[in-house]
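A.B. asks: Got a structure here, written out as structure tokens. Questions coming.
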Amino acid sequence: MTQSVVVQVGQCGNQIGCCFWDLALREHAAVNQKGIYDEAISSFFRNVDTRVVGDGGIISKGKICSLKARAVLIDMEEGVVNEILQGPLRDVFDSKQLITDISGSGNNWAVGHKVFGRLYQEQILEKLRKSAEHCDCLQCFFIIHSMGGGTGSGLGTFLLKVLEDEFPEVYRFVTSIYPSGEDDVITSPYNSILAMKELNEHADCVLPIDNQSLFDIISKIDLMVNSGKLGTTIKPKSLVTSSAGALKKQHQKPFDAMNNIVANLLLNLTSSARFEGSLNMDLNEISMNLVPFPQLHYLVSSLTPLYTLADVNIPTRRLDQMFSDAFSKDHQLIRADPKHSLYLACALMVRGNVQVSDLRRNIERLKPSLQFISWNQEGWKTSLCSVPPVGHSHSLLALANNTCVKPTFMELRERFMRLYKKKAHLHHYLQIEGMEESCFMEAVSSLSTLIEEYNQLDATRSMPVEDLPRLRVAV
């Protein structure tokens, strides 16, 4: 079985990463009750005998001794990483796989990318090589970061180029958290646009996630819970609760619940790599099937159900509703409406007791309401993993390469231009060695080119679908 390494960068990246590891451990504990170190666990964890110093302590089979996450933690402030190291997951992370500084990047992409990138390049490379050496068959790097701050956007995208140069054959999946319009970081449009250029050039797949969409989903479910519409039997390990399983915590720290949704997205995305199923989907198959052109590698994600009722035997109607919800704008993790935009391809990753016939029936049911590009009318990729998330009977992650992502990029460009036209805050960036005004123009030009590619695809929507003759075999 293949292995993957998670690289969590900046405050947001580390908080989501910590949530992911917590949920992954719970999931494997529920499935692997004998405590045997198997291939499923080895995909994201090493088994280490802590009594032995160095690599000699690695155990490849048998009983679980001490699990260590295949992770590299990077932040230019110590706060979040220190919090993780003092928390319940402190023993899961290898202290030799952490990189921290004290000063932080000051919400400045240039500091994260140009200053800390140069300063920590060798250390980052050393940690990545060490992680790779511990893998038998390294397939993928998952990078988790935010676009609005300095470390996540700057150092997070610097890391992509390092990975491309050092591990060109290993897939680079990026989960990028985009700032909302009401973001408290004034320079976030600059940081996001500069980071977008790097994502365009160096990522294999990007899962853009909008902070505002996450907040809207949490608010909506909170409202339904309080109104009693969901009944009183909601399971404590619902996707929208904190990892502590307390609904009340939403009011104190909405970011906990928001991070939990993103962590569950990653959990479902990697389920086929970790567990058996009748129709498994390898991580490399996602890029192969959903990315028809190199730059159009942004995949819109939706996760259903967002809550779980107490019953386990799901009637057909409710199972069908799960598929319908995956295409609803209310369930998208960015503000988008895929049903009224153009699909290049779509993947449905199902977990739990769902049959292939259920998949096929729902695809046929939904196809008439979805518009696929003329040259890929059958652009569906599906997977079935037999192990459901903890506390659920089934779940669905939909990944869509869809032109509905374009408005998010257009809004980002508009916010950037409002600042840039006034040259506001520009001096903070230009005082960093290696930063010139041309960097901004190249970044916005790169984004404009991407938007134009989506425009050209949208322009084909009115074109008739050719009914191409099928190949006939002479008998």
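A.B. asks: Of these, GLY117, GLY148, GLY181, GLY156, which one is touching a Ser or Thr at 6+ places or on another chain (Cβ under 7 Å) and at negative phi?
C.D. replies: On the way: GLY117 fails: touching a Ser or Thr at 6+ places or on another chain (Cβ under 7 Å); GLY181 fails: touching a Ser or Thr at 6+ places or on another chain (Cβ under 7 Å); GLY156 fails: touching a Ser or Thr at 6+ places or on another chain (Cβ under 7 Å).
One residue alone meets the criteria, GLY148.
A.B. asks: Looking at GLY17, GLY87, GLY13, which is the one that is farther than 24 Å from PHE141 by Cβ and in contact (Cβ under 8 Å) with a residue 12 or more places away in the chain? Steps first, answer last, please.
C.D. replies: Values: GLY17 fails: farther than 24 Å from PHE141 by Cβ; GLY13 fails: farther than 24 Å from PHE141 by Cβ.
None of the other options fit; the residue is GLY87.
A.B. asks: Follow-up question, since we're still on this one. Hey, any hits in the range 58-71 for a residue that's open to solvent by 30 Å² or more (accessible area, probe 1.4 Å) and modelled with pLDDT of 90 or more?
C.D. replies: Yes, some residue in the range 58-71 is open to solvent by 30 Å² or more (accessible area, probe 1.4 Å) and modelled with pLDDT of 90 or more.
A.B. asks: So, one more: In the range 401-418, is there at least one residue being open to solvent by 10 Å² or more (accessible area, probe 1.4 Å), on the phi > 0 side of the Ramachandran plot and either in contact with a helix residue (DSSP H, G or I) (Cβ under 7 Å, 6 or more places away or on another chain) or assigned to a loop (DSSP other than H, G, I, E, B) (or both)?
C.D. replies: no
A.B. asks: Could you please find all residues in the range 287-305 being farther than 21 Å from PHE409 by Cβ and open to solvent by less than 10 Å² (accessible area, probe 1.4 Å)?
C.D. replies: Within the range 287-305, the subset farther than 21 Å from PHE409 by Cβ is 288-289, 303-305.
Across the range 287-305, the qualifying residues are LEU303, THR304.
A.B. asks: Here is a follow-up. So which of GLY154, GLY181 is small (Gly, Ala, Ser) and either crowded, with 24+ Cβ neighbours inside 10 Å or out of contact with any helix residue (DSSP H, G or I) (no Cβ under 9 Å at 6 or more places or on another chain) (or both)? Quick ask: steps written out before the conclusion?
C.D. replies: Values: GLY181 fails: either crowded, with 24+ Cβ neighbours inside 10 Å or out of contact with any helix residue (DSSP H, G or I) (no Cβ under 9 Å at 6 or more places or on another chain) (or both).
Going through GLY154, GLY181 in turn, just one is small (Gly, Ala, Ser) and either crowded, with 24+ Cβ neighbours inside 10 Å or out of contact with any helix residue (DSSP H, G or I) (no Cβ under 9 Å at 6 or more places or on another chain) (or both): GLY154.
A.B. asks: OK, next. Only one of these conditions is not met by ILE143: (1) touching a residue at least 12 places away in the same chain (Cβ under 8 Å); (2) open to solvent by 30 Å² or more (accessible area, probe 1.4 Å). Which number is it?
C.D. replies: Failing condition for ILE143: (2).
A.B. asks: Note down all Cβ pairs under 6 Å where the first residue falls in the range 342-353 and is touching a residue at least 40 places away in the same chain (Cβ under 8 Å), the second is open to solvent by 10 Å² or more (accessible area, probe 1.4 Å) and of a type in the set (Lys, Arg), and they're at least six residues apart or on different chains.
C.D. replies: Sorted first by the residue in the range 342-353, then by its partner, the pairs are LEU342/ARG461; ALA347/LYS381.
A.B. asks: Before we move on, is GLY149 of a type outside the set (Ser, Thr, Tyr), modelled with pLDDT of 95 or more and within 20 Å of the chain's Cα centre (by Cα)? Walk me through it before giving the result.
C.D. replies: Numbers: of a type outside the set (Ser, Thr, Tyr): yes; modelled with pLDDT of 95 or more: no; within 20 Å of the chain's Cα centre (by Cα): yes.
No: the conditions fail for GLY149.
A.B. asks: Specify the residue that is modelled with the lowest pLDDT; the eligible residues are those in the range 24-57 that are small (Gly, Ala, Ser) and within 20 Å of LEU89 (Cβ to Cβ).
C.D. replies: Within the range 24-57, the first condition is being small (Gly, Ala, Ser), and the residues that meet it are 24, 29-30, 35, 40, 42-43, 54, 56-57.
Checking the rest, the ones that are also within 20 Å of LEU89 (Cβ to Cβ) come to 24, 29-30, 35, 40, 42-43, 57.
Values: ALA24: 94, ALA29: 91, ALA30: 90, GLY35: 88, ALA40: 88, SER42: 92, SER43: 92, GLY57: 61.
Applying the filter and picking the extreme gives GLY57.
A.B. asks: Show me the strands (runs of 3 or more DSSP E) entirely contained within the range 66-180 in which 1 or more residues are β-branched (Val, Ile, Thr).
C.D. replies: On the way: elements: 67-69, 71-75, 98-100, 138-146, 171-178.
Passing ranges, in order: 71-75, 98-100, 138-146, 171-178.
A.B. asks: Further, regarding this structure: Count, please, the residues in the range 146-173 that happen to be basic (Lys, Arg) and touching a strand residue (DSSP E or B) at 6+ places or on another chain (Cβ under 7 Å).
C.D. replies: Applying the first criterion (basic (Lys, Arg)) to the range 146-173 yields 161, 172.
Now drop any that are not touching a strand residue (DSSP E or B) at 6+ places or on another chain (Cβ under 7 Å), which leaves 172.
Here the count works out to 1.
A.B. asks: Follow-up question, since we're still on this one. Residues in the range 83-99: is at least one buried (at least 19 other Cβ atoms within 10 Å of the Cβ) and touching an Asp or Glu at 6+ places or on another chain (Cβ under 8 Å)?
C.D. replies: Within the range 83-99, the subset buried (at least 19 other Cβ atoms within 10 Å of the Cβ) is 84, 92-94, 97-98.
From the residues that got through so far, the ones that are touching an Asp or Glu at 6+ places or on another chain (Cβ under 8 Å) too are none.
Checked against the condition, which is being buried (at least 19 other Cβ atoms within 10 Å of the Cβ) and touching an Asp or Glu at 6+ places or on another chain (Cβ under 8 Å), the range 83-99 yields no hits at all.
A.B. asks: Does ASN268 satisfy the criteria of being modelled with pLDDT of 90 or more, open to solvent by 20 Å² or more (accessible area, probe 1.4 Å) and assigned to a helix (DSSP H, G or I)? Spell out how you get there, then give the answer.
C.D. replies: Numbers: modelled with pLDDT of 90 or more: yes; open to solvent by 20 Å² or more (accessible area, probe 1.4 Å): no; assigned to a helix (DSSP H, G or I): yes.
In short, no.
A.B. asks: For the range 117-164, name all the residues that are more than 22 Å from ASP183 (Cβ to Cβ) and of a type in the set (S, T, N, Q).
C.D. replies: Selection gives GLN121, GLN123, SER131, GLN139.
A.B. asks: Find the residue count for the range 369-381, including only residues that are hydrophobic (A, V, I, L, M, F, W, C), touching a residue at least 24 places away in the same chain (Cβ under 8 Å) and open to solvent by 30 Å² or more (accessible area, probe 1.4 Å). I'd like the intermediate steps shown before the answer.
C.D. replies: The initial filter retains those residues of the range 369-381 that are hydrophobic (A, V, I, L, M, F, W, C), namely 370, 372-373, 375, 380.
So of that shortlist, the ones also touching a residue at least 24 places away in the same chain (Cβ under 8 Å) come out as 370, 372-373, 380.
Next, only the ones that are open to solvent by 30 Å² or more (accessible area, probe 1.4 Å) stay: 380.
Matching residues across the range 369-381 total 1.
A.B. asks: While we're looking at this one, here's another question. Return yes when LYS253 is at pLDDT 50 or above, open to solvent by 20 Å² or more (accessible area, probe 1.4 Å) and either closer than 23 Å to SER176 by Cβ or among the acidic types (Asp, Glu) (or both) and no when it is not.
C.D. replies: Working: at pLDDT 50 or above: yes; open to solvent by 20 Å² or more (accessible area, probe 1.4 Å): yes; either closer than 23 Å to SER176 by Cβ or among the acidic types (Asp, Glu) (or both): yes.
Against the criterion (at pLDDT 50 or above, open to solvent by 20 Å² or more (accessible area, probe 1.4 Å) and either closer than 23 Å to SER176 by Cβ or among the acidic types (Asp, Glu) (or both)), LYS253 qualifies.
A.B. asks: Assigned to a strand (DSSP E or B), more than 23 Å from LEU342 (Cβ to Cβ) and touching a residue at least 24 places away in the same chain (Cβ under 8 Å): is that true of LEU384 in this structure? Give the steps one after another, and end with the answer.
C.D. replies: Details: assigned to a strand (DSSP E or B): yes; more than 23 Å from LEU342 (Cβ to Cβ): yes; touching a residue at least 24 places away in the same chain (Cβ under 8 Å): yes.
Against the criterion (assigned to a strand (DSSP E or B), more than 23 Å from LEU342 (Cβ to Cβ) and touching a residue at least 24 places away in the same chain (Cβ under 8 Å)), LEU384 qualifies.
A.B. asks: Scanning the range 26-49 for residues that are within 21 Å of LEU283 (Cβ to Cβ) and assigned to a strand (DSSP E or B), which turns out least open to solvent (accessible area, probe 1.4 Å)?
C.D. replies: PHE45
A.B. asks: From the list THR382, THR408, which one is among the hydroxyl-bearing types (Ser, Thr, Tyr) and closer than 24 Å to LEU267 by Cα? I'd like the intermediate steps shown before the answer.
C.D. replies: Details: THR408 fails: closer than 24 Å to LEU267 by Cα.
Sole residue among the options that is among the hydroxyl-bearing types (Ser, Thr, Tyr) and closer than 24 Å to LEU267 by Cα: THR382.
A.B. asks: Among the residues of the range 213-225, write down those that are open to solvent by 40 Å² or more (accessible area, probe 1.4 Å) and modelled with pLDDT of 75 or more.
C.D. replies: Passing the criteria: PHE215, ASP216, SER219, LYS220, LEU223.
A.B. asks: Could you check the range 181-204 and list, in sequence order, the residues that are farther than 21 Å from LEU214 by Cβ, part of a helix (DSSP H, G or I) and of a type in the set (S, T, N, Q)?
C.D. replies: Residue satisfying the conditions is ASN200 alone.
The values are calculated or read from the model by the stated rules, or taken from the named source; none is laboratory data. As the structure is a prediction and not an experimental result, all values here were calculated from the model. Here the Cβ is made from the backbone with ideal geometry for all residues, glycine too, and neighbour counts use every protein chain on show. Ligands, DNA and RNA are excluded from the accessible area calculation, which covers all protein heavy atoms including side chains. Shrake-Rupley method; radii C 1.70, N 1.55, O 1.52, S 1.80 Å.
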